[in-house]
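Each remark here refers to the structure printed beneath this line.
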Amino acid sequence: MSAPDTALTAPPLTGTRPRWRFLDSLRGFAVLGILLVNAVDITRLGMARVMEGGAPIQDPVLDALYLTVQTRFVPIFVFLFGISLWIVLDGARARAPRPWLVMVRRLVGLAIIGGLLMFVYPGNVLVEYGVAGLLMLPVVALTPRWVTLAGGAALTIVAYAVFGGGLPSVPGLILLGAGAAAYGLPRALESSGRTVAIVFAAAAVLTVPTLVWQLNASVGDPRFSTAGSVAGLVMAVLYSTGLALLWRTPARRAIAAFFEPLGRMALTSYVGAALVVALTAQVVDFGHMTSAAPVVVLALVLIVVQSVLSRIWLRHFVYGPVEWLWRTATWLRPASMRRRIAATEGQ
């Protein structure tokens, strides 16, 4: 069996705990969507024209992003962050005498990474996730799981109903993810049973009216309207459950091959993509462009390159470089980086 085949059939080495491969693939899928969102922001597409008195971009490619990408992938990413919060906390409880301190270091470390990235991409969300995670940590760590789940649902409803989603939705989505993880959602998504199919069908039905609402309620970026944010949340559920259903088909092999490496190195991919797009924007005049097509092409080429490089990297190393730094800060000791060494230590 070749190395690529082994990577698709055997669980990846993580040192001590198995990984949920579908969650990694879903996280990689979210990395793709978020890159499409961030690339438009980082390049400040068309903004130079507007600053000089020109009209805002009227572009079918940008309109397509507004209907399929904007507000659709961030909820997935935040929800997965909540799931990871619970999984790491659960592991820390078994490995450390003060698991809450491990989690504090982890979340502070994420905020520091986000703070450094601000020099390149001021709009990155890592600081927000770190701070929101710290605020929600006592709920996840100290209350029953039903409180975490119910609190997350309540906060999410309020955030979308009152504030139209956006930043106020982050705490609730984190709690939703953590509560869902406590009730076994990772396993349910991995097996994609009847419940996942029912949720997918419900989201598919709701997608049509929410998209109509978005189209009728606002023109342009859906991040600035309640209708656009609600449509995004519904489609985030549609995308996630749809991918979970595909995971139970022969398409799983292709999904894992492309998205799983991205998901396992999601933080490295996020930071690396921001750096590459920001550097590209220094030499390409995106500010005077009238179409988002070049930005979309840049993002798609970049995500393919990242997937290939991540796959090659993970053949030799257990963690991505930024993930290694983050894990080292979390546990205050260097994690085993080489795959062979990590495998030996895990025996």
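Just the residues that are touching a residue at least 40 places away in the same chain (Cβ under 8 Å) and assigned to a helix (DSSP H, G or I), please, taken from segment 52-74.
Across segment 52-74, the qualifying residues are V61, L62, L65, Y66, L67, T68, V74.
Restricting attention to segment 163-206, which residues are surrounded by fewer than 16 Cβ atoms within 10 Å (Cβ to Cβ) and polar (S, T, N, Q)?
Once the filter is applied, which keeps residues that are surrounded by fewer than 16 Cβ atoms within 10 Å (Cβ to Cβ) and polar (S, T, N, Q), segment 163-206 yields S191, T195.
How about segment 165-184: which of its residues are of a type in the set (A, V, I, L, M) and modelled with pLDDT of 95 or more?
V170, L173, I174, L175, L176, A178, A180, A181, A182
Table: residues versus (1) farther than 21 Å from A236 by Cα; (2) aliphatic (A, V, I, L, M).
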residue	(1), (2)
A111	yes, yes
V120	yes, yes
Y129	no, no
M136	yes, yes
T143	yes, no
Y160	no, no
G166	no, no
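When you scan segment 180-220, how many residues do you find that are within 20 Å of V234 (Cβ to Cβ) and in a helix (DSSP H, G or I)?
The total comes to 27.
So if I check each of R338, R311, which one is basic (K, R), touching a residue at least 40 places away in the same chain (Cβ under 8 Å) and more than 19 Å from R105 (Cβ to Cβ)?
R311
Exactly one of (1) free of Cβ contacts under 8 Å to residues at least 60 places away in the same chain; (2) farther than 30 Å from V61 by Cβ is unmet by W326. Its number?
(1)
Which ones in segment 221-232 are among the β-branched types (V, I, T) and either surrounded by 21 or more Cβ atoms within 10 Å (Cβ to Cβ) or outside any helix (DSSP H, G or I) (or both)?
V230
Out of all the residues in segment 289-307, is one or more under 23 Å from I113 (Cα atoms), among the β-branched types (V, I, T) and either in contact with a Gly (Cβ under 8 Å, 6 or more places away or on another chain) or surrounded by 17 or more Cβ atoms within 10 Å (Cβ to Cβ) (or both)?
The answer is yes; a qualifying residue exists.
Go through segment 269-303 and count every residue that is of a type outside the set (S, T, Y) and within 17 Å of the chain's Cα centre (by Cα).
Residues that pass the stated criteria total 8.
Working carefully through the options A231, A278, find the one that is among the small types (G, A, S) and over 19 Å from G123 (Cα atoms).
Details: A278 fails: over 19 Å from G123 (Cα atoms).
Answer to the selection: A231.
Return the residues of segment 129-144 that are surrounded by fewer than 16 Cβ atoms within 10 Å (Cβ to Cβ) and not polar (S, T, N, Q); say none if nothing qualifies.
Result: L135, P138, L142, P144.
Given the residues V104, V108, V139, which is the only one that is in a helix (DSSP H, G or I), touching a Gly at 6+ places or on another chain (Cβ under 7 Å), at pLDDT 95 or above and within 17 Å of T330 (Cα to Cα)?
Selected residue: V108, the only one of V104, V108, V139 that is in a helix (DSSP H, G or I), touching a Gly at 6+ places or on another chain (Cβ under 7 Å), at pLDDT 95 or above and within 17 Å of T330 (Cα to Cα).
The values are calculated or read from the model by the stated rules, or taken from the named source; none is laboratory data. Fair warning: this is a prediction, and the values are worked out from it, not measured in the lab. Cβ coordinates were reconstructed from backbone atoms using ideal geometry, including for glycine residues, and neighbour counts include every protein chain displayed.
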